[in-house]
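Before any comments, here is the structure.
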Protein chains: 4
Amino acid sequence: MLILMHPTASTEEVDAVAEKVRTLGYVPHKMPGAQRIAVAITGNHGPVDPAHFSHLPDVVEAVSITKPWKLASRETHPHDTVISIKTPTATVASILGGGTFAVIGGPCAVETREYTLTAARAVKAAGGQFLRGGAYKPRTSPYAFQGTKVDGLKLLAEARAETGLPVVTEVLDTAHVEIVAEYADILQIGTRNAQNFALLEAVSQVRKPVLLKRGMSSTIQEFLMAAEYIVKGGNYQVIMCERGIRTFEPMTRNTLDLGSIPLIKRLTHLPVVVDPSHATGDSLLVRPMARAALAAGADGIMVDVHPEPEKALCDGPQSLRPHEFAELMDQLRAMAEVLKVQMP
Amino acid sequence: MLILMHPTASTEEVDAVAEKVRTLGYVPHKMPGAQRIAVAITGNHGPVDPAHFSHLPDVVEAVSITKPWKLASRETHPHDTVISIKTPTATVASILGGGTFAVIGGPCAVETREYTLTAARAVKAAGGQFLRGGAYKPRTSPYAFQGTKVDGLKLLAEARAETGLPVVTEVLDTAHVEIVAEYADILQIGTRNAQNFALLEAVSQVRKPVLLKRGMSSTIQEFLMAAEYIVKGGNYQVIMCERGIRTFEPMTRNTLDLGSIPLIKRLTHLPVVVDPSHATGDSLLVRPMARAALAAGADGIMVDVHPEPEKALCDGPQSLRPHEFAELMDQLRAMAEVLKVQMP
Amino acid sequence: MLILMHPTASTEEVDAVAEKVRTLGYVPHKMPGAQRIAVAITGNHGPVDPAHFSHLPDVVEAVSITKPWKLASRETHPHDTVISIKTPTATVASILGGGTFAVIGGPCAVETREYTLTAARAVKAAGGQFLRGGAYKPRTSPYAFQGTKVDGLKLLAEARAETGLPVVTEVLDTAHVEIVAEYADILQIGTRNAQNFALLEAVSQVRKPVLLKRGMSSTIQEFLMAAEYIVKGGNYQVIMCERGIRTFEPMTRNTLDLGSIPLIKRLTHLPVVVDPSHATGDSLLVRPMARAALAAGADGIMVDVHPEPEKALCDGPQSLRPHEFAELMDQLRAMAEVLKVQMP
Amino acid sequence: MLILMHPTASTEEVDAVAEKVRTLGYVPHKMPGAQRIAVAITGNHGPVDPAHFSHLPDVVEAVSITKPWKLASRETHPHDTVISIKTPTATVASILGGGTFAVIGGPCAVETREYTLTAARAVKAAGGQFLRGGAYKPRTSPYAFQGTKVDGLKLLAEARAETGLPVVTEVLDTAHVEIVAEYADILQIGTRNAQNFALLEAVSQVRKPVLLKRGMSSTIQEFLMAAEYIVKGGNYQVIMCERGIRTFEPMTRNTLDLGSIPLIKRLTHLPVVVDPSHATGDSLLVRPMARAALAAGADGIMVDVHPEPEKALCDGPQSLRPHEFAELMDQLRAMAEVLKVQMP
């Protein structure tokens, strides 16, 4: 249920609606907007009688929400969610969503200080807006490199201080949310944790954006429901990330589902980015898929960049070298102009 | 095994190599080219001794072919195969492959004369280069519309005569190859017949190009092996068509695998096109996926165009209206310029 | 629509109903049975008015058929279809369906006379009821062994004459239906032709049973619709064969979907058999999966048996040796007794 | 690397080998057995020189381990791992693995005290050996019933006290491991946490068996690597649970991969059970799939049992009623006798 109010409704009038929702035993969610103000209701089982609200001042109408991802749906919030982060050393904010195309670049895993800073500088120099890097690494084998953990977080913070780029890094467990949130600007939930509901609830309590990867076997509906876990907890800053799904095809690591991009953008107000590096696992495919993501309407991409891919401890074969990344950025900028998409 | 010869080798010298191959009990395939001349050998089980050829005039070297799709592989024929068709009423040839981006448009199924001609004119007017339309329709249900068959082929021929556009149409059975080849410029093999080997052999004997759709559960290797059936039979004019694969995702009809485009182009010299209409089943997704196909490096797209999609007997929801198709063509042309791809 | 009649209705009365159906422009299908007589109607678009039939003698009621596989559905024909074949040299008929568990065994491909006869004798000796063997072989590579064709059919006929076992063999193309039907007792449609609708229509015109394999990417609904193509053409003797579907798992050739067995048996009156050999591709998995098929309620299995699997030209690794097959038969007979299933 | 020792080697001699491993900077894992004693080595990158060990007393030989799931592999530990639990109120231990067929039954979710006790009594009465029930429930929607949590754990403990059945219950998050381990006899890791490596490491530190469900998109190799995370941490009591994988088929919730059972048992010494309830989501399919699991060689099954499935808060349609469960148990016992499997 969504209670729509006049855009001129006062704070007190909106509070009165929210209070009424609480009185009925449900949870109110205020949804401010330029064209309209809305209060979404969750916690109800079955329909809520609109008559409870129709007499309250400045209420226009009560409409039901048809999608199970209530708060994440376009019905509830028709305008694009925009995520804007300005780090202390940045001159301008990095923007994701709302008609811009943002590029997140950096090493798959944070390894040495030199690699991390070199990669960060390359991303910055080529016009990337966010720095990625994994400090906590989920690995299929318990014998594989498991990440540099807190040391890695500190290196990312140093790279941010130097470049001004906000940092995206993965959190693997509820027990690490606090420490990762201390260093990260955006918390990443990986594909293997896409339905780790305890972790989704934990990051819903953090006041930092979350980049949520699609589970490699998640349907689009399940992906949206995972986002709903985070939004329901009060964290509206969720970035959806398509990163390929598991299919029968063995020649690529996963099958990048670019058809999901326009579909997800129709169904939710949250921004959608694409990770062509992890989807394909092959640097020769990363560039065509990055261009295709822009052409398909994505709000951005997340790309592995490494100074020496052949020496990377994790996912080297899919990493772009700095000059390859810079060439890709040039291509994307030229395309963005034609497609009438903002790209700084 | 591939016998490489000097580009200046004479016809007699090439014939001598081919004759030697036949003497050994194998099958020779002449592969002319600007930079080199090659004779590929098939029919051998196990390695062939290069010494058989080294003494023949103008033979440079004998190299083994590592891929099981011997004749379709880039190793055997490094340059792009280009398909060029000029119908009697056309002023210029329609080109597919070799650095151009070709658009094949038209109704999913050939229904009435009026619809067919209207769609063909719309495709021509907007700059499309080939006309598609199904006369023989493979349908999951035996109770669904099965196509207009020979009447449909005649309507397509009439539309070709008026517009000059070469016609692409599907053949479902070996028994229909002759009649379809009489009317069609390009024979289409559908996704459900992607491993109908008798049909692949039958079209390998026709001297017209074949548009081969990827099976909805074919791996890329199986797709290339299906092409090899056609090329082995002597028909080198094969167009690979990515049209989506079957996955667990229910919100789109199939999952368009755009990552396959750069991969297939690396593995074969044959041109690759994308069918965003059948992959997604949703006209709102067709345009972003058409743009993404161009950005991913495809040699063209095949798109359903119908004057009144809501009245179509087959696949209406995925068809573009003429003005939507024209808008898409404008976008593609603008993108093609930036991507340095030819588009007439 | 299904017109239900008294079990005592006369031939003339049933003919009168069928004639009425024809008069209305539809196609009648007589469905005799012990408990009831029914006439199914196909060819209608939209509902048929029951009033057309209610006044005819011995008509009980007219009910609509809810499933799209009209004639193959349990609604239309509640009793199990039973297929019974007695070859000239057999002492008793081989039975498939209706509470028995039938075993079809033999080589994947018909190779030499000796192998074929040895395998057939082993199948007969161990209590198998049908002989399988491929004379026309669908192969992913055009360079792989393509079968012994008509020579193979003749060897199968010789093996049938000696053992009395009815022969199951694959037909790949409409052009071969006549010759294969001349030799075979049951025509097999392979997984790659599961939606080759021209071939399904061709075998619907033959008066011999058809063993229809599930497409490796066919849903259960598509599998039933493929059967409907054959039944609609007038051939009610269709055997459904689950042979594994294509999934992301690389350790087995395909994923055998045994859950489909009870589901398909609920939805259709046609018998269902399982091919554990082609599903797994591994003789060590064939036996547990054969036992599981019986436990899951299948009407039979089809198993590769070869005297010397290590020398087989096709699918050796999945073939059982004669003594392994005999041991499996003993296990199945012991299980069948406990499960109260007939096994000769 | 595996150091094989004489079965008569003394504790001191085994300790000497382990100490040598530590000296080299690696981790030793003692693997006692009736026929042989072995010390496995992990933590090495690249091969270890066998000469380090050949001179130590009672060392027979040093062999390399070829599988990446080193400690879980049959190579390292050829004999079946057997899990045996005797609760204080039980007269005999409940056994899983090593030639017995164990049945784990109970409600999907722990709801009321009455339902839980009724279900537990039904499981006990019919001969089930373990009680299942979810107190913490992973749900796709944040608005769905999330489980009774600690209250549920207490109800399970009460049911255990009354029936003597050991309790299997799910743990969703590292933060809950301690409380769940306090009440549970076996900790369950659900399919959505199959690659939640932080959780796998947490349960590897608990001295209670772990029932590990296969991820719905995990390959068999990934499934084994997940088990390796637990075994590597020192917890050798892992039960593998096949519960269906995600495929394109929409008529069943997932596709139960019974072919994985003989394969996994060949590759690991850990016991393997099957969950036909969650795989199919349909109580009519549960019984045939339970029988098929036994026939395929599984070490047991886990089945949803609920006194009133139509009122269940979670997964009612897949739950067996007590009398259906009892009938199934009778069938399984009859089959087990024929298959020469122990079933109490």
Item to complete: Apply the Karplus parameterisation 6.51 cos²θ - 1.76 cosθ + 1.60, with θ equal to phi minus 60°, to every residue of segment B:173-178 and state each ³J(HN,Hα) to the nearest whole Hz, in sequence, with x for glycine and proline.
Response: 8, 4, 5, 9, 4, 5
Practice prompt. Ignoring ligands, DNA and RNA and using a 1.4 Å probe, state the total buried accessible area between C and D in Å², rounded to the nearest 100.
Written response: 2900 Å²
Worksheet item: In nm, one decimal, shortest first: how far is the label point of B:Pro250 (7 Å from Cα along Cα to beta carbon) from the matching points in the other copies?
Response: 0.5, 3.0, 3.1
Item to complete: List the distances, in nm to one decimal, from the label point of D:Pro344 to the label points of the same position in every other copy, shortest first, placing each label point 7 Å from Cα along the Cα-to-Cβ direction.
Response: 4.5, 6.6, 8.0
Fill in: Relative pair counts by distance (%), Cα atoms of segment D:200-344, 10 Å bins
12, 37, 35, 16, 0
Worksheet item: R0 = 35 Å: FRET efficiency of C:Gln205 with B:Ile179, Cβ-based, nearest 0.05?
Response: 0.95
Practice prompt. Partner chain Cβ atoms within 10 Å, averaged over the residues of C:3-10 - can you pull that number for me?
Written response: 0
Item to complete: Quick one: which residues, 5+ away or cross-chain, put their amide H under 5 Å from the amide H of D:Ala102? H built at 1.01 Å from N.
Response: D:Gly97, D:Gly300, D:Ile301
Worksheet entry | Calculated P(r) tail over 53 Å for the protein assembly as shown, as whole % of Cα pairs | 30 percent
Worksheet item: Each residue of segment C:207-223 in turn: what ³J(HN,Hα) in whole Hz from Karplus with 6.51, -1.76, 1.60 and θ = phi - 60°, glycine and Pro shown as x?
Response: 9, 10, x, 10, 9, 9, 7, 5, x, 5, 10, 7, 5, 4, 4, 5, 4
Worksheet item: Relative to the first principal axis of the alpha-carbon coordinates of chain B, what is the inclination of helix B:11-23, with its axis defined by its Cα atoms, in degrees from 0 to 90 and to the nearest 10?
Response: 80 degrees
Worksheet item: In debye, nearest 20: dipole of segment D:196-252 around its Cα centre with unit charges on the Cβ of K, R (+) and D, E (-)?
Response: 200 debye
Worksheet, complete the sentence: Here segment B:76-195 gives, from Cα atoms, an Rg and Dmax in Å of 14.6, 47
Worksheet entry | Residue mean of other protein chain beta carbons inside 10 Å, C:318-328 | 0
Worksheet item: What residues qualify as long-range amide H neighbours of C:Gly134, i.e. H under 5 Å apart, gap of 5 or more or another chain, H built at 1.01 Å from N?
Response: C:Ala109, C:Val110
Fill in: Net charge dipole size for segment A:195-344 [Lys, Arg +1 and Asp, Glu -1 on Cβ; Debye, nearest 20]
420 debye
Practice prompt. In nm to one decimal, list the spacings between the A:Thr66 label point and its equivalents in the other copies, with label points set 7 Å along Cα to Cβ, shortest first.
Written response: 2.5, 5.4, 5.8
Worksheet item: How about C:Lys30: which aspartates and glutamates have a C-alpha closer than 13 Å to its C-alpha, ignoring those fewer than 8 places off in the same chain?
Response: C:Glu12, C:Glu13, C:Asp15, C:Glu19
Discussion item. Check which residues have an amide H placed less than 5 Å from A:Val305's amide H, if you skip close sequence neighbours.
Written reply: A:Gly106, A:Cys108, A:Leu320
Worksheet item: Going toward the positive end of the dipole of segment C:217-310, with +1 on Lys and Arg Cβ and -1 on Asp and Glu Cβ, which of C:Ala295, C:Ile264, C:Val305 do you reach last?
Response: C:Ile264
Worksheet item: Quick one: putting +1 on the C-beta of Lys and Arg, -1 on the C-beta of Asp and Glu, what dipole do you get for the protein assembly as shown around its Cα centre, in Debye to the nearest 20?
Response: 0 debye
Worksheet item: Which aspartates and glutamates have a Cα less than 12 Å from the Cα of C:Lys137, not counting those fewer than 8 places away in the same chain?
Response: C:Glu111, C:Glu170, C:Asp173, C:Asp315
Fill in: Cross-link reach list, aspartates and glutamates versus B:Lys70, counting only Cα pairs under 15 Å and skipping chain neighbours closer than eight places
B:Glu222, B:Glu228
Worksheet item: Structure shown: which of C:Lys149/C:Lys208; B:Lys124/B:Lys232; B:Lys232/C:Lys149 lie over 27 Å apart, alpha-carbon to alpha-carbon?
Response: B:Lys124/B:Lys232
Discussion item. I'd like the antiparallel share, as a percent to the nearest 5, of DSSP beta bridges with both residues in chain B.
Written reply: 40 percent
Worksheet item: Which residue of chain D is nearest the rotation axis onto chain A, counting by its Cβ, and what is the distance in whole Å?
Response: D:Ser217, 2
Practice prompt. Rank-order C:281-288, C:4-11 by packing density, defined as the average count of other C-beta atoms within 10 Å over each peptide's residues, highest first.
Written response: C:281-288, C:4-11
Worksheet item: For segment A:2-83, what is the accessible area per residue in Å² when the probe is 1.4 Å?
Response: 50 Å²
Fill in: Cα-derived Rg over Rh, computed across segment D:1-129 with Rh taken as Kirkwood radius
1.19
Discussion item. If you fit an axis through the alpha-carbon atoms of helix A:322-339 and take the longest principal axis of the Cα set of chain A, what angle between them do you get, 0 to 90°, nearest 10?
Written reply: 40 degrees
Fill in: Cα-based Kirkwood hydrodynamic radius, segment D:178-285, one decimal, Å
14.1 Å
Worksheet, complete the sentence: Using alpha-carbon positions, the gyration tensor of chain A gives root eigenvalues a ≥ b ≥ c; with a/c under 1.5 called rounded, otherwise prolate if a/b exceeds b/c, else oblate, the class is prolate
Worksheet item: How far is helix C:113-126 tilted, in degrees, relative to the longest principal axis of the Cα atoms in chain C, given as a value from 0 to 90 rounded to the nearest 10?
Response: 70 degrees
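The values are calculated or read from the model by the stated rules, or taken from the named source; none is laboratory data. Small disclaimer: the values here were computed from a predicted structure and weren't measured. Quick reminder, even Gly has a Cβ in these numbers, built from the backbone with ideal geometry, and neighbours come from all protein chains shown. Areas reflect the complete protein model, heavy atoms only, side chains present, ligands, DNA and RNA absent. Shrake-Rupley method; radii C 1.70, N 1.55, O 1.52, S 1.80 Å.
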